[in-house]
Structures are given as structure tokens and as C-alpha cells.
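Everything on this sheet refers to the single structure shown next.
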Amino acid sequence: MEKFRVKDEALASKGHLQIEWATKHMPVLSQIKNRFRKEKLLEGLTVGACLHVTKETAVLMDILLVGGAKLALCGSNPLSTQDDVAAALAEKGVHVFAWRGQTTEEYYWCIDKAIDHGPMITLDDGADLVGTIHSKRTEALPNVKGGTEETTTGVMRLRAMEKTGALKYAIIAVNDAYTKYLFDNRYGTGQSTIDGILRATNILLAGKNFVVCGYGWCARGIAMRAQGMGANVIVTEVNPLRALEAAMNGLRVMPIAEAAAIGDIFVTATGDINVIRKEHMQKMKDGAIIANSGHFNVEISMKNLEELSTSKRAIRPNLDEYALKDGRKLYLLAEGRLVNLAAAEGHPSEVMDMSFANQALCVEHIAKTEKMPPRVYTVPRDIDENVAKLKLKAMEIRIDELTPEQKKYLATWEMGTI
Ligand SMILES: NC(=O)c1ccc[n+]([C@@H]2O[C@H](COP(=O)([O-])OP(=O)(O)OC[C@H]3O[C@@H](n4cnc5c(N)ncnc54)[C@H](O)[C@@H]3O)[C@@H](O)[C@H]2O)c1
């Protein structure tokens, strides 16, 4: 059986330094690591992970390794692997199959290789690993006890599987933990999406019309950070509550068909398909920049962009120019894949500290739990609260405790106006 496949093993020493830097900014995971090292609860378990192969993921892998697990890892996006980190992980003994710039065939080949190692617990980001195990590799199913899912799109797919009875093992929706989506999706995606756009273009955001498609957790963060840099933020939505929230936050809200004509920069973060398509591209200004931060590269219609264009040129890394038949030029970042991971380094370590603490503790929960019927579960409340407590402790922030009188007051109904 193939042990690992990475771009260049010689990059390992660079990768170790990256992992060291991330570890320094992930104090919650460090606290969990100390306990895992002592308790060795994961001994005898093989964990199969399909995650963005970043320095932060490497810190999570370290913890599972010291907990005693054997690990197989593949990337969760063809463009997001940090090759130096992948090489370092291979040196640490992780069966890693990932490199940056894969074809779709190579991407699924890597997932297959990870499955060959016989995962008993799966960690997924987008549900491609779970999807493959449930379709082409069903012989692997009996070996799997449970799994976790990192992102909104993956949870949506898994809930669809649960609804139709297709889901054959338990999955904990890590994405839906308060200490995940509130910080990772909002502050993580917010900062790193702007980072990706700036690294790819180095344009000034101040004064630009910055269109954010969606106003969910990720999009809220992107809008907030773009506004902070002086951009005029315009939001497009399909959900009236979220649209109203955007309007009350002082943002302009309008249909994408109207925003298309005035936007300088467009970012999708909806988890939906063809949010920016032909009729919108036809209206865009010459020079408009389009990027996506949603999980899959389906939010911007690449097919429509190709159809409208006569030629394409790579201008800078992660910046492609499409020359349209009418002479206008549109600029696409990172091939329409998540711009924060493809053009930058993904979320800052401090944010992934909480997301991956949930992952580590949920792996432990699955390992310890006798039987979990095949359903999509929320993260146990005590895990979510524990992650928040550990993060506060690491940040040296103390909070109040309820007095006995307050506890009683909050649990009764008798006392009203006095
Ligand atoms: N880039 C990253 O690192 C990163 C991190 C976390 C999540 N994600 C991904 O980002 C996407 C969004 O995640 P989220 O947690 O913000 O989801 P969410 O459900 O909180 O928000 C999505 C929003 O998009 C809106 N929407 C749907 N279709 C739309 C359309 N056609 N036009 C305008 N708005 C539309 C929905 O009404 C909703 O408000 C998902 O694909 C998720 O997996 C990416």
C-alpha cells in the first residue's frame, strides 16, 4: 500500500517551521494535546481526514498522533494544499496524499488512497470523503464508526443524505458548534478572504464598490472587514431576514442583477450554485474582479465566463484575465475556488484553534461512545463550552459566575415587577 504522495519531500524542513509557528498560536489545541499524550485514548484507531492541508491542519494531526491514532490525510480542495506542510506531515508518519494544483482525477485518487488505509473515524471538509465511502468505496463502510464534518456545505450534503436514508454512519457537525461558525466562518473567512484578494491583486479596497453575495456567517465577516477597509459594501441575498440584517448594519442591499452593473469586486459566499452567471457578467464593468469564498467552485459560473470570453491570460498568481467578445475584461481570482485558501493561507491559526479543538474533542467523543446510530449530530454542548473556556483561559480573560441567588432567579418564574 502506498504510504504517502506529496509534491516534494525536500520541502519538509520548511513545513516543520510553519507547523511550529501555527502551534504557537493554537493554545487550546496545545492544552488538549497534553491530555491526549497522557491518556492515549485513540490507540488502535485509524483516522481518515479530508481537510485543507494547511499548517493548522498539521497541528490537529499532531494531536491525533500523540493520542495514539494512525492517520491518513488527503486535501479537501485541489488548490489549497501547502506543499511544505504536506511534506512535513509525511515525515511525521502521516499517510498524506495531497499536493497543490491537482486535477479532479488526482483529487479523487488521493481520497481513494486515504480510504485504502481503512479509516475508522473520518474527518471531512465538504463531505467528499464521506460521499466517496458511501458511493464508490462502500466496502470501507463497515469499518467506520463515525465521523465529523467541518463546513456548512458538507453539513448540508450530509443532512440531505440523512433525510433520504443514505447516511450509514454517525457524523458530528463540527461546523454547527458555536465556537466554530461564529469565529471561523465569520472572523476567519472575513480576514482571510480579504487577505486572498489582496495577495492576488494588491488593489486598494477603499472607495471600491465591494459586492458580497450572501449574508451568512462567512459573508458577514467578509462584508464587515471590507467595510472596515473603506469599501462601499453591497450585499445580495435570497433570505429576507439576512437581507434585513445587512440593511440594518448600514449596507446597501439589492439583487445581483443590479449590483452586477456597479460592482468593482464581487465575492460569493453562499454555498449555492451559479450565483454569478452569464446575465450578470454581461453587465459587469470593464476590470471587475470576481472571487469566491464558498466551499465549492460552483458559485461563479465558470462555464458562462468561458463562453463569453475570446481569450484568457494569467496575469499574476491566482489572477486570470478573461477578454470578453465586446472588449471588456473580467478578472477571476483563484479559478473560482475558495480565494482565502487558494490565494492566501486560509484562516489564521487562532481561529482554527477553536474549530480543530472541536474536531479533536469530537474524535475523542466518537472513540469513547459505545453506539451512535447513523445521524447528523450537533457537537455536544459540554465540548462547545469547554472549547470556549479553554480559549478564554489562553487569552487570560476571566468572566463572572452566577451567584446562587441569580441561578435561582433565572430558573423560576414567580418574581416579576417589584
Ligand atoms: N472560505 C472558507 O474558508 C470557508 C469557511 C467556512 C465556510 N465556507 C463555506 O462558505 C459557504 C457559506 O457558508 P456560511 O457558513 O456563511 O453559510 P450560511 O448558511 O450561514 O450562509 C449562506 C447565505 O447565502 C445565502 N444565499 C444562498 N443562495 C444565495 C444566492 N443565490 N444569492 C445570494 N445569497 C444566497 C443564504 O440565504 C445564506 O444567508 C459554504 O459553502 C461553506 O461551506 C468557506
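FYI, it's all coordinate maths here, none of it is from the lab. Model, not experiment: these values are computed from the prediction. A quick note on method: Cβ atoms are made from the backbone with ideal geometry, for glycine too, and the neighbour counts reach across all protein chains shown.
Apply the a/c threshold of 1.5 to the C-alpha gyration tensor of the chain and tell me whether it is rounded, prolate or oblate. Because a/c hits 1.5 or more and a/b fails to exceed b/c, the chain counts as oblate. The slack between L402 and E139, meaning 0.36 nm per residue of separation minus the straight C-alpha distance, is 89.5 nm. Normalised by the number of residues in the stretch 271-367, the average gap of Cα pairs under 8 Å and 6 or more apart makes the relative contact order 26 percent.
On the beta carbon distance between A247 and K368, with R0 = 51 Å, the FRET formula returns roughly 0.65. Specify whether the C-alpha gyration tensor of the stretch 3-66 places it in the rounded, prolate or oblate class, a ≥ b ≥ c being the square roots of the eigenvalues: rounded for a/c under 1.5, otherwise prolate if a/b is larger than b/c and oblate if not. Cα axes put the stretch 3-66 in the oblate bin. Taking all Cα pairs closer than 8 Å and separated by 6 or more residues, the relative contact order of the chain comes to 16 percent. Projecting the Cα atoms of T54, N34, A127 onto the dipole axis of the stretch 33-156, where Lys and Arg carry +1 and Asp and Glu carry -1 at the beta carbon, places N34 farthest toward the positive end. Annotation: the antiparallel percentage among DSSP beta bridges lying fully within the chain is about 20.
The coefficient of translational diffusion for the stretch 228-317, derived via Stokes-Einstein from the alpha carbon Kirkwood radius under 10 °C and 1.306 mPa s, stands at 112 µm²/s.
Highest average first, the peptides 118-131, 387-400, 293-306, 229-242 ordered by how many other beta carbon atoms sit within 10 Å of their residues are 118-131, 293-306, 229-242, 387-400. When the square roots of the Cα gyration tensor eigenvalues are ordered a ≥ b ≥ c, the ratio a/c for the stretch 18-144 is 1.5 or more and a/b does not exceed b/c, which makes its shape oblate.
Inter-label distance, D8 to D286: 4.0 nm, where each label sits 7 Å from its Cα along the C-beta direction. Relative contact order, whole percent, for the stretch 3-105 stands at 39, derived from Cα pairs under 8 Å and 6 or more residues apart. Within the chain, the cysteines lacking any other cysteine Cβ closer than 4.7 Å to their own Cβ are C50, C213, C218, C362.
R0 = 56 Å: FRET efficiency of A166 with R316, Cβ-based, nearest 0.05? It comes to 0.85.
The simple spin-label model puts a point 7 Å past each Cα toward its Cβ; for A206 and D272 those points are separated by 3.4 nm.
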